[in-house]
Amino acid sequence: MADDFTGASDVALTIAEAGFSVAQFIGVPDSQAPADLGAGVVALKSRTAPVEVAVTESLAACDWLLAQGAEQIIFKVCSTFDSTSEGNIGPVLQALAERLGAQSVLVCPAFPENGRSVYQGHLFVNDVLLSESGMQDHPLTPMTDPDLRRVLAAQTDWQVGHISSQIVSQGAAAIKDALPDGPNMIIVDAISDRDLVEIGVAAKELKLLCGGSGIALGLPGNFGAQPSQPDWQALTGAGVVISGSCSRATRAQVASYRASQPSFEVSAEAVLCGEATASGLADWVLAQQGAPLVYSSADPAEVRAAQEKFGTEKAAGAIETVFGELAAILANRGITRIVVAGGETSGAVVRGLQASALVIGPRIAAGVPMLRLADRPADHPVALALKSGNFGGEDFFAEALTLMEKET
């Protein structure tokens, strides 16, 4: 299970490329999974939900996965470990561990391909500590402490341990030997994909793991899977980009894309005052040439000003609601390719489209696959790219729209 929608597609891609048949479900399904499914990914919108809501939804997802025959549960969180001192990672992980009767729970958000590494228990983004990466300015989950041991210890009454890179470099057997007795959450160092594969091998008998998508690199091989690439049928037609992320990477992507495509900036104030509506934005999009951009990706100072004026939840909720409604209108009016930036925005868009499941396609960039709505009519398909705020290069939006049009 994943605590947001971009994280779900991220880990689904990792598992699919490792050779498992995989499907991404939107929320806890009310029906059985296909019998031939190797892995199911339940996408929740629980990262910034109240703790009790996050715990309840995560336990429901766990119970559904177990009922489908799941032998191992991964709690997928952001590779920047987004959370607050209240949670939600610690409370959810503890509830899952207690439901599963798990003792040692390995925790590793490392994703080296996207510049995330864990060393001496600290999380780095490229060559800087998490607290200097821009994540300290996140509007909902500011990350000001790079020491994952302290972050997690503040959220749970379980012991929080650490397995160093010196041990990890010795391989899976050394990692297994380092597991402590009794209920423990253990931060594991990882600075390379090889480290993550060894962690996966060491976790073969464990019931529960937690981390970014990299935590799944070594797991499918434990079940005999062989690497493969998902198929994709070309999808042409009108496209749009919707961005609600305020990360440094996304702001650079917005600036790059605006240089060649029509763009419309949406503010929380404009939405709350009724100046910006989903129907009005849809009319603007459909009147443009190319694949226009609708965005609310202001710099941190502007975001803080809106939060102080309207309240954090009200400001964020206004943007999410209008973007979710916008996506639904556009899909019903002929848009077939939708690129979305930001975890919360992606959740709003997928819910607005009333999707129940997504088919995983090949990668656009590290951690970002092409997706197809599984329950759309054959004569009106819709493709998605759901991008975490910090993922992708500056030309990601254009690249995603182009790749959707190519057969693989």
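Data table
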{"item": "Matching residues in segment 34-45 - criterion: being touching a strand residue (DSSP E or B) at 6+ places or on another chain (Cβ under 8 Å) and either within 14 Å of GLY7 (Cβ to Cβ) or assigned by TED's automatic domain parsing to the domain that holds ALA348 (or both)", "result": "VAL41, VAL42, ALA43, LEU44"}
{"item": "Qualifying positions in segment 328-348 - within 22 Å of GLY392 (Cβ to Cβ) and either modelled with pLDDT of 95 or more or aromatic (Phe, Trp, Tyr) (or both)", "result": "LEU330, ILE335, THR336, ARG337, ILE338, VAL339, VAL340, ALA341"}
{"item": "In segment 205-246, the residues that are surrounded by fewer than 24 Cβ atoms within 10 Å (Cβ to Cβ), farther than 27 Å from THR408 by Cα and of a type in the set (S, T, N, Q)", "result": "ASN222"}
{"item": "Selected residue [among the charged types (D, E, K, R), touching a Leu at 6+ places or on another chain (Cβ under 6 Å) and either modelled with pLDDT of 95 or more or closer than 20 Å to GLY200 by Cα (or both)] from GLU71, GLU57", "result": "GLU57"}
{"item": "Test: residue in segment 314-324 that is under 21 Å from ASN114 (Cβ atoms), among the aromatic types (Phe, Trp, Tyr) and crowded, with 24+ Cβ neighbours inside 10 Å", "result": "no"}
{"item": "Wholly enclosed helices (runs of 4 or more DSSP H) of segment 183-302 bearing at least 1 residues more than 20 Å from VAL339 (Cβ to Cβ) and at pLDDT below 95", "result": "268-272"}
{"item": "Given (1) closer than 28 Å to PRO142 by Cα; (2) in a loop (DSSP other than H, G, I, E, B), index of the condition VAL41 fails", "result": "(2)"}
{"item": "Flag for ASP195 being touching a strand residue (DSSP E or B) at 6+ places or on another chain (Cβ under 6 Å) and among the acidic types (Asp, Glu)", "result": "no"}
{"item": "Residues (within 13 Å of PRO369 (Cα to Cα) and either out of contact with any helix residue (DSSP H, G or I) (no Cβ under 6 Å at 6 or more places or on another chain) or without any contact (Cβ under 8 Å) to a residue 40 or more places away in the chain (or both)) located in segment 392-401", "result": "GLY392, GLU399, ALA400, LEU401"}
{"item": "Selected residue (criterion: farthest from LEU219 (Cα to Cα)) from residues of segment 91-131 that are out of contact with any Phe, Trp or Tyr (no Cβ under 9 Å at 6 or more places or on another chain) and polar (S, T, N, Q)", "result": "SER131"}
{"item": "Qualifying positions in segment 347-403 - over 17 Å from the mean Cα position of the chain (by Cα) and on the phi > 0 side of the Ramachandran plot", "result": "GLN354"}
{"item": "Residues within segment 19-41 that are among the aliphatic types (A, V, I, L, M) and touching an Asp or Glu at 6+ places or on another chain (Cβ under 9 Å), tallied", "result": "1"}
{"item": "Boolean, PRO112 is crowded, with 17+ Cβ neighbours inside 10 Å and of a type outside the set (Lys, Arg)", "result": "yes"}
{"item": "Filter result for the condition that a residue is out of contact with any Gly (no Cβ under 6 Å at 6 or more places or on another chain), closer than 20 Å to THR6 by Cβ and of a type outside the set (Asp, Glu), over VAL92, VAL128, VAL105", "result": "VAL92"}
{"item": "Test result for PHE20, crowded, with 24+ Cβ neighbours inside 10 Å, touching a residue at least 40 places away in the same chain (Cβ under 8 Å) and in a loop (DSSP other than H, G, I, E, B)", "result": "no"}
{"item": "Search result, residues across segment 325-357 that are in contact with a helix residue (DSSP H, G or I) (Cβ under 9 Å, 6 or more places away or on another chain) and of a type in the set (Val, Ile, Thr)", "result": "ILE329, ILE335, ILE338, VAL339, VAL340, THR345, VAL349, VAL350"}
{"item": "Count of residues meeting criterion [basic (Lys, Arg) and over 20 Å from the mean Cα position of the chain (by Cα)] in segment 204-253", "result": "2"}
{"item": "Contacts under 9 angstrom Cβ, first residue in segment 180-197 being outside the structural domain of LEU152 (by TED's automatic domain parsing), partner of a type in the set (A, V, I, L, M, F, W, C), 6 or more apart", "result": "none"}
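The values are calculated or read from the model by the stated rules, or taken from the named source; none is laboratory data. All figures in this text were calculated on a predicted structure; none of them were measured in a lab. All Cβ positions, even for glycine, are placed from backbone atoms using ideal geometry, and neighbour counts span all protein chains on display.
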